[in-house]
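A.B. asks: Supplied in structure tokens, the structure appears directly below.
The values are calculated or read from the model by the stated rules, or taken from the named source; none is laboratory data. Keep in mind that what you see is a predicted model, and the values were worked out from it rather than measured. For neighbour counting, all protein chains shown are included, and Cβ atoms are generated from backbone atoms with ideal geometry for every residue, glycine included. When the accessible area is computed, the model is the full protein with side chains, heavy atoms only, and any ligands, DNA or RNA have been set aside. Shrake-Rupley method; radii C 1.70, N 1.55, O 1.52, S 1.80 Å.
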Amino acid sequence: MADLNGNQTPTRFLFDPDFCEKRCPICTRARRGVRWARWLQRLELFLTFGGCPWGRARAKKYGVPPDQPRPAS
């Protein structure tokens, strides 16, 4: 779909849960156990009551909060 200027609008969901899962520089490192990333993520979870929008979308899709790895299926 194009807007009035002919630019293409993004078709992906604005807060993609897979961004948190695979590409987020904080969440991916925190789940691997990097100390500074875990600290920063805990602070973010506390201040935003559940994480950033991408983390909340991940929690909704996969059923686990952004600071925990997905269960192996």
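A.B. asks: What accessible area per residue, rounded to a whole number of Å², is obtained for region 9-73 using a probe radius of 1.4 Å?
C.D. replies: Here the per-residue accessible area is 74 Å².
A.B. asks: So, counting K/R as plus one and D/E as minus one, what does the shell of residues with Cβ under 13 Å around residue 36 add up to? Present the calculation step by step, with values, prior to reporting the outcome.
C.D. replies: On the way: positive: 29, 32, 35, 38, 42; negative: 44.
Spelling it out: positives minus negatives among the neighbours equals +4.
A.B. asks: Calculate, in nm to one decimal, what residue 48 and residue 64 gain on full extension: separation in residues at 0.36 nm each, minus their alpha carbon distance. Can you show the working numbers first?
C.D. replies: Working: separation 16, 0.36 × 16 = 5.76 nm, distance 1.65 nm.
Between residue 48 and residue 64, full extension yields 4.1 nm more.
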